[in-house]
Each structure stands twice: as C-alpha cells, then as structure tokens.
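See structure below.
The values are calculated or read from the model by the stated rules, or taken from the named source; none is laboratory data. Quick caveat, the model's predicted, so the values are computed rather than measured. A quick note on method: Cβ atoms are made from the backbone with ideal geometry, for glycine too, and the neighbour counts reach across all protein chains shown. Surface areas here come from the heavy atoms of the whole protein model, side chains and all, with no ligands, DNA or RNA. Shrake-Rupley method; radii C 1.70, N 1.55, O 1.52, S 1.80 Å.
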Amino acid sequence: MKPILVKGSEAIALGALAAGCRCYFGYPITPQNEIPELLARELPKRGGVFLQAESELAAANMLLGAASTGVRAMTSSSSPGISLMAEAFSYMAALELPAVVVNVARGGPGLGGIEASQGDYFQATKGAGHGDYHFLVLSPASIQEAYELTARAFDLAEKYRQPVMILTDALLGQMKEPLILRKIKPRKYPKDWALTGAKGRPGRVLRSLFLGPGELRSRNELLQKKYRAMRREVRVESYLLEGAELVVSAFGSLARIVKEAVNLAREKGYPVGFLRPITLFPFPEREFRKLAEAGVRFLVVELNCGQMVEDVRLSICGSTEVRSLPFPPSDLPAPEDIYREIKRCLRSPRR
Amino acid sequence: MLKELAKFKGFSAKNLPKEEPFAPGHRACQGCGEVLALRLALKALGMNVIAVSATGCMEIISSPFPYTSWRVPWIHIAFENAAAVASGVESALKALKRKGRFPKNRRVDVVVFAGDGGTADIGLQALSGALERGHDFVYICLDNEAYMNTGVQRSSCTPYGAMTTTSPPGEKSFGQMTWKKNVPAIAAAHGIPYVATATPAFFLDLMNKVKKAALVDGPAYVHIFAPCPTGWGTKGEESIMLAKLAVETRIFPLYEVIEGKYYITRKITKPKPVEEYLKRQRRFRHLAEEQIRAIQQRVDAEYERLLKLAECL
C-alpha cells in the first residue's frame, strides 16, 4: 500500500473514520484544528455528523448524548479545552459510556503556550474530573501509531464501555510523516445498554446518581473491577533490554528522541535499554517491576516537571533507583542532552 | 436621553484625542479591520482604562512576549470568561473606592475586548451574567465573523453561506448553514442602558459610540464589524470599503439602543444589492443565485424589523 504524507492530527481523524466514527463534536483550539477540519469535510460524505459546538463544555456533553445511543463518537481538544470538558468526562465514566477523547496537548498551566508538552499526564491518567474514575489512556509515538491507536480506541471503548483518551502533543499533532492507511476492521460488541428507543423491549436506564444505601459503593466497586480488568490491554514498546543496567523510559513523541539517545549510548558501549508505555492507564506496572527485580535502574524522561516518574516509582516500590529527567515545556531536548544524563547515571554509584 | 450623555458633544476630525493607548508595531495581518477598530476604540476611551481581553487574534498579535502594544493596564484570560473577569475588576474598583484607597472621583473605565467566538459562542454565558448584574463596564465585541486566530473556523456570527474550514461547501453543504446570531439584540434584551453597532469605516461614529458606552452608568455593549482579509479571502486594501459596503447594503446596519429605544444612526435609503458585497469575497464565491436571493430577502426583512423598532419611539 502506498503511504500518504499527513500530519499527526490528520492521522487521528483518519483513524477515527477507519474505525467507523459517525459523530464528531468539537471546538476550535490550537494545535489540533486539523482534526475537526478534516472531519468537517469527510463525515457528511459518509452520512455522519460534524458539529462545531459553542464551547468545549457543550462539545463534551454532546459527546455524552451521542455515546448514550451507542453510536461511535469522539471529541478532540487541547489542554485548556480538556480542562473545560472534565465534568462531562466524569459523568461519562460514571455512566460507562464508550467514547473517544483526543488531547493534542500543549504547555501549561494556565494559557501556557502552544508548544509540545506532556504536562497533562496526571490529568489524563488520574481522571480529569471529580470522583474515582479513569480513562483508558493510549499514547502514540508516531503518526502510523496515532492512526492505529485511534482506531483501536473505539474498539476498546466499546469493549469496556469506557471513555478512552488518546494523549498526544503538539509535536506529533503538527508534524508530517508517511502513513499507510491500513484497512481496519472495527470489532463488534453487544450494545445491550444503548438508549435506542424501547420499541419491543423493556426500557433501559443509564444513570450516575445513586442515593440508596450502598448503591454508590457498589457502582464504584464495579468501576474499579473494570479498571483492573483493563490491565489486559497494557502495551509497551521495549528495545535493547537485554543486558541493560539502566532502562530509559518515556512516552509519546518524546520517546522517539529518547530512543535515539539510547542508540547513541549503546554505540558507545553503555548497557542501556528503552521502555515506552503505550497504555498510560492502566500503567505497565508488571513490566517495570520485572526489570526492577532483575536489578535494573530507571531514568524517566518527560516533557513536564516529572509526572510519569511517580507511576514508575509506585510500580517498583522502592526496590531500585528511579531518576527523573524532566523537561518543562518550552524547548525540546536533543538526544545528546539525554545521552549525557544516561552517562551520568551509569557512572554514579548505585544509591 | 441619558443625563450622562447630555454633555458629550462627540468627536470630530479636528478634535481627535492625541493619545494612542494601543501602540503600533503589533503583528496583525495587513488590512486587518479588527485592529483598526481596537485602536480607534481605545483612542476614544483614553488612557484611564483597564482592558480585559479574551483569547483571540487581538490578544495574540498585541502581546508576543516580551513585546506589548498595550499602553494601558491589560489583563488577558481564557476564552470563555472575559466578562466575568471584568466583573471582578470592576467590583474590586468599587471596593477600593468605598474603602477610600482609590480616589472616588477618578474615572476608570473597565473595557472588555473579545472576538465574535469569545462573545457569541463560548463567552455568552459570562456576558449575560455581567450584563444582568449591572457592572459598570463596556463590552466591545470585535466581530470578524469566524475563529480567525485558530485558522478560520465557523462561529455563530459567521454569516449564512460563508465558507470556513469547519463549514466547507460541497455536495452536502453550501458553507455556513445558519443565520448570523444577533448578539446586539441579546445584549439589548438585558435592558442595559447602552447598546450600539459600529464599523471602522465610519470611524467618528465608532469612536463616539464607544465613548458614550463608557460614559453611561452600568453595562454597555458595542458590536463592531471588522473585516478580515485573511479569513474572508479579500484584499487588505479593501477592508474599509467592505466595511462600508456592509452598511450600505444593509447587511450590517448602524444603530444605537439607548435605554431600550432604538435609533438608526445611519439610515440607508437607497441600499446596494447584497451581491455587490458578497462577490468581492472568496468566502462567498461558491454561492448560487438561490442563496444570494435568500440572503437579500433576509437582509431586507431584518432591516424592516429594525425600522419598526426605531419607529416605536
């Protein structure tokens, strides 16, 4: 198949179309406007609906409405917009609605900037809104992966009746790479919960208000059970782990730069490996723990002030050393910056 | 007529204020009608203002760190809450005056600058709240009829038929499928003392209206029509001409609503056909006869309605 040259944001939109997404709701915000722009052209041709809302608040709640009918639907935004949507996300998690949310993240907090950032890691993985809930979070590192993970996100959302977030950033959203439009077969899951008009069947109820004794507790337990079951979906990319004494970990677009630094270090004979979580929630705890048990040390590189490093530390429970190499949003690090830190880590005695 | 306005004689070409609260050297596109309106509005208001800007073109082009075009105190906040932040600023001024920590007689105008998206879409709730509470401030909507800053997406102020990146014409669509939201009417429905429409093509009229808006006690709303060469697909040197045409075709009538009473400030007795305005812009190039006729009918009906409102004095 001949590759096409597209931006990351466009690849996400194409992935959604390939997965049979029929409804898009959104609101303009940089740097993700290519997603709504492409879908504004393409969705009406396929009998779908493109709708630009009056705010992110409205867009997220339109998504809630559409998802409750069982249709494949999505929204996309960038960091401040995602903050505004958070209330609806909490409701969607409580109602167990399948939907896909894309965050092409930019720098924060506040207005921050429009450059690439991974500062929304906590927001994405710990639940942006109120209450005990999580997204299933996927983070692509290439444009091909952005296409495929977005398509996969629709399946996962239906499989677990669960909002799924694609967490990417301005870097991946705005750069162009070849993309092979591999054919995608959307999987089918029963929709015995969807509100489709109770003709010839008993009515269905979707609700998130539980006032009866113990009701809310059992709803929360049910959600937690689901989140544990989602561990099956954990995905990582591992590279050069054999003989590694230090494993460098990063996610998303930054992982590409980190991988190059690891290659550089290996060429110079340093025993370094690479581990990239693709699912950020559920977090690949087991993969990290296994390496820690083998005595490997970790260096966690992020485009923020150090967020994922906390999950790495929790995963290994202090059994080995975990260092953080944070790059707060502004400039991207060069592979050499990371390479220098790798050398420093390996030369320093174990703590 | 309101007593605050009785003494105001109006600006004339001979007595324009010398101050330029908005400095040149900003990064607006060539021929930007919006930045011209902003400059004129600030010129009318003078240096004793606190400006509140919602996200949008004017914020981006005026404040690329470490530069700024604002020679007056200025605060920028997120997209949806310019009117809310202005409410806070105005309340603080009141409190300071009450406590004697700010001279009671010193006049400071709190003024909001927001685009059509930040006003008619995401900021409407905050605007309505502030108008209802009656804060003494001026809200200026600089309407270039789409989200230009993010790359020309439709807003609810985008005119019928216009092409934007999220209202692309094609087999299933002729561009924007809905009629422009009438925000001045919404503002007037709050029963506030002053509402007006203006365009930079009639610059004295614009300055007078902004000044009046500041002079009245309580909230005032000014809706300024601002051509955008980048988003409309027009020539930079045609912006003023287009703004003028919009008035002369009755597409954008100029009027004031003072204490609920409508006054048409520029009566158009011999209107030009809307086609003359539409055909000069790339965003309308795809329109068929049928849609142009629909636009003409709508414009005629809306103007009739406005005339009736103005007659009921």
In short, the stretch B:129-160 residues buried by 10 Å² or more of accessible area relative to the isolated chain (1.4 Å probe) are B:Tyr147, B:Thr150, B:Gln153, B:Arg154
Cubic angstrom per residue, convex hull over Cα atoms of the stretch A:179-253: 245
Express the carbon and sulfur contribution to the solvent-accessible surface of the stretch A:234-347 as a percent, rounded to the nearest whole number, probe 1.4 angstrom. 46
Mind checking which lysines have their C-alpha under 26 Å from A:Lys45, skipping anything on the same chain fewer than 8 residues away? A:Lys2, A:Lys7, A:Lys176, A:Lys183, A:Lys185, A:Lys188, A:Lys191, B:Lys172, B:Lys180
Based on alpha-carbon positions alone, could you give the equivalent ellipsoid semi-axes of the protein assembly as shown from the gyration tensor, as √(5λ), descending, whole Å? 50, 29, 25
Working from Cα positions, state the angle (0 to 90°, nearest 10) between the long axis of helix A:335-347 and the longest principal axis of chain A. 60
Hey, if we sort B:Met177, A:Met92 by accessible area with the 1.4 Å probe, largest down, what's the order? B:Met177, A:Met92
Counting only protein heavy atoms, what percent of the accessible surface of chain B is carbon or sulfur at a 1.4 Å probe? 54
Given pairs B:Lys18/B:Lys209; B:Lys7/B:Lys181; B:Lys9/B:Lys235 and cut-off 29 Å on Cα-Cα distance, the over-length ones are B:Lys7/B:Lys181; B:Lys9/B:Lys235
Provide a whole-number value for the mean count of partner chain Cβ atoms within 10 Å of the Cβ atoms in peptide A:29-39. 3
What GluC sites (Glu not before Pro) does the stretch A:204-271 have in DSSP loop regions with at most 15 other beta carbons within 10 Å? A:Glu242, A:Glu245
Ratio of Rg to Rh over the stretch A:234-347 (Cα coordinates, Kirkwood Rh, two decimals): 0.92
Which lysines, if any, have their Cα less than 19 Å from the Cα of A:Lys268, not counting same-chain residues under 8 positions apart? A:Lys259, A:Lys343
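When DSSP assigns beta bridges and you keep just the ones with both residues in the protein assembly as shown, what percent turn out antiparallel, to the nearest 5?
Numbers: 22 of 81 bridges.
Counting DSSP beta bridges with both partners in the protein assembly as shown, the antiparallel share is about 25 percent.
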Per 20 Å bin, what percent of the C-alpha pairs of chain A does each bin hold, from zero upward? 31, 56, 13, 0
Only bridges with both residues in chain B count here: give the DSSP antiparallel percent, nearest 5. 30
Helix-only mean residue ellipticity at 222 nm for chain A, each DSSP H run of n ≥ 4 adding -39500 (n - 2.57), per residue, nearest 500: -12000 deg cm²/dmol
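Summing Lys, Arg as +1 and Asp, Glu as -1, what charge do residues with Cβ under 10 Å from the Cβ of B:Pro17 carry, B:Pro17 excluded?
Net local charge, B:Pro17 excluded: +1.
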I'd like to check one number: the per residue accessible area of the stretch B:2-309, probe 1.4 Å, reported in Å² as a whole number. 44
Roughly how many debye, to the nearest 20, is the charge dipole of the stretch B:175-237 about its Cα centre, given +1 on each Lys and Arg Cβ, -1 on each Asp and Glu Cβ, and no other charges? 80
Sorted by packing (mean other beta-carbon atoms within 10 Å per residue), highest first, where do A:280-293, A:180-193, B:266-279, B:94-107 land? A:280-293, B:266-279, A:180-193, B:94-107
Estimated buried accessible area (total), pair A and B, 1.4 Å, Å² to nearest 100: 1300
Report the GluC sites (Glu not before Pro) located in the stretch B:119-197 that are in a DSSP loop and have at most 12 other Cβ atoms inside 10 Å of their Cβ, or state none. B:Glu171
Charge-dipole axis of the stretch A:234-347 as Lys and Arg at +1 and Asp and Glu at -1 on Cβ define it, positive-most pick from A:Val262, A:Pro284, A:Pro326: A:Val262
For peptides B:161-168, A:127-134, sequence by mean Cβ density within 10 Å, most packed first: B:161-168, A:127-134
Using alpha carbon centers only, the stretch A:274-338 is separated from the stretch B:214-285 by a whole-angstrom value of 57
Within a Gaussian network of chain A (alpha carbon springs, distance under 10 Å), most fluctuating of A:Leu57, A:Leu240, A:Leu149: A:Leu240
Take the Cα coordinates of the stretch A:53-169, assign each an equal point scatterer, and use the Debye formula without solvent to give log10 I(q)/I(0) at q = 0.18 Å⁻¹. -0.85
Shielding of A:53-60 by partner chains, average beta-carbon count, 10 Å: 4
List, by residue number, every residue in the stretch B:165-191 with a reduction of 10 Å² or greater in accessible area between the chain on its own and the complete protein assembly, 1.4 Å probe. B:Thr165, B:Thr166, B:Pro168, B:Lys172
In degrees from 0 to 90, rounded to the nearest 10, what is the angle of the helix B:124-133 Cα long axis to the longest principal axis of chain B? 40
Beta bridges by DSSP in the stretch A:234-347, antiparallel share as percent, to the nearest 5: 25
To the nearest 20 debye, what is the magnitude of the charge dipole of the stretch A:234-347 about its Cα centre, counting +1 on the Cβ of each Lys and Arg and -1 on the Cβ of each Asp and Glu? 200
Net length gained if the chain between A:Glu87 and A:Lys225 were fully extended (0.36 nm per residue, minus Cα distance): 47.4 nm
Can you pull out the chymotrypsin sites (Phe, Trp or Tyr not before Pro) in the stretch B:151-258 whose DSSP state is coil and whose Cβ has at most 15 other Cβ atoms within 10 Å? B:Trp179
Mean shadow area of the stretch B:2-309 over all directions, Cα convex hull, nm²: 15.8
Residues listed by number, the stretch A:1-34, amide nitrogen under 12 Å from A:Ile180 label point at 7 Å toward C-beta: A:1-4
Candidate lysines for bridging to A:Lys126, where Cα separation is under 17 Å - those fewer than 8 sequence places away on the same chain excluded: A:Lys225, A:Lys226
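What number do you get for the stretch B:210-270 when its Cα radius of gyration is normalised by 2.2 N^0.38 Å, N = residues?
1.36
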Could you compute Rg(Cα) / (2.2 N^0.38 Å) for the stretch B:245-313, with N its residue count? 1.23
Computed on Cα atoms, the radius of gyration and Dmax of the stretch B:11-120 in angstrom are 14.8, 47
Crossing angle, helix B:33-45 versus chain B [Cα axis fit, 0-90 degrees, rounded to tens]: 30
